Every structure is written in structure tokens, then in C-alpha cells.
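Contents: one structure, followed by commentary.
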Amino acid sequence: MFTEHLKKLVEDVDGGIGSLIMGLDGISVDSYLREDESADITTIGMEFSFILTQVRKAGEILEIGGLQEFTVKAEKLTLIVRMLTDEYFLALMIASDGNFGKGRFFMRLAAPRLIAEL
């Protein structure tokens, strides 16, 4: 159902590797990974879902508002996470030299369509 949206997101961003929609409980709704990639985006999403839960709780305690976006820039890749609802997030994995700004922009554009389908 979401695969076409996720595929378009990955293919429209220079350096795109994979994307997924996942719940904060670590259960994947749908994912897409380029055929020439071997990364396990589902496992990466599961590991970061716990961190997102903790960041969201910290935001509530500090009264800074809800979590909207979270980025991890590592040596080999960048993971951009955008919250879709209180329980679901969209993640985009790009190469470390990929187009980070374009990734964020296309995620922001895709979010309303994905939210409507959740």
C-alpha cells in the first residue's frame, strides 16, 4: 500500500538507500530498499524506535513540544526520521554524501499523503 510512496521517496533523493513507515513499538508498516543495497532498514528502524520514544518523552518532560524530526548522521549513512502521528514515523536512509536537504524536503511533502493512508 505504501510501497510506491516509499520507493518514490528513495529514488527522488540523491543517495537514497531505503525508507520505511514504522510504529514506535518497532513494528514495520511497510518498507522499501533499493535492489542494489543490503542494509537492513527494518532493524535500523526498530533500534531507533526506542530512541525516538525516549526523545519524545524528554520533550514532554521539558515542555518543548512534540517531536517532529530526528536525524542521525553516521560515518556510513544518514537516517532522517519524520513523525507522521504520535505513534508512527517515516524514516529515510541515505548515503553519508547523499542530499540531506532534498531528503527532508521530500519527506515533508510525502507526509500528508502517508498520514491520510494510515
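Derivation of every value follows stated rules applied to the coordinates shown; laboratory data play no part. Everything numeric here is computed off the predicted structure, so don't read it as measured data. All Cβ positions, glycine included, derive from the backbone under ideal geometry; neighbour counts span all protein chains shown.
For the chain, the longest principal axis of the alpha carbon atoms and the long axis of helix 3-12 meet at an angle near 70°. Reducing the range 48-91 and the range 19-36 to their Cα centroids gives an inter-centroid distance of 15 Å.
Sorted on the mean count of surrounding Cβ atoms within 10 Å across their residues, most packed first, peptides 62-71, 92-101 read 92-101, 62-71. The angle between the Cα long axis of helix 41-61 and the longest principal axis of the Cα atoms of the chain comes to about 30 degrees, rounded to the nearest 10.
Identify the trypsin sites (Lys or Arg not before Pro) of the range 16-92 meeting these criteria: DSSP loop state and at most 12 other C-beta atoms within 10 Å of the C-beta. In loop regions of the range 16-92 (DSSP not H, G, I, E or B), the sparsely surrounded trypsin sites (Lys or Arg not before Pro) are K76. If you count Lys pairs in the chain whose Cα atoms are under 25 Å apart, skipping same-chain pairs closer than 8 places in sequence, the total is 9. Only the Cβ atoms of Lys and Arg (+1) and of Asp and Glu (-1) were treated as charged; on that basis the dipole of the chain about its Cα centre amounts to roughly 320 debye. Under the criterion of Cα pairs below 8 Å and six or more residues apart, the relative contact order for the range 3-117 equals 29 percent.
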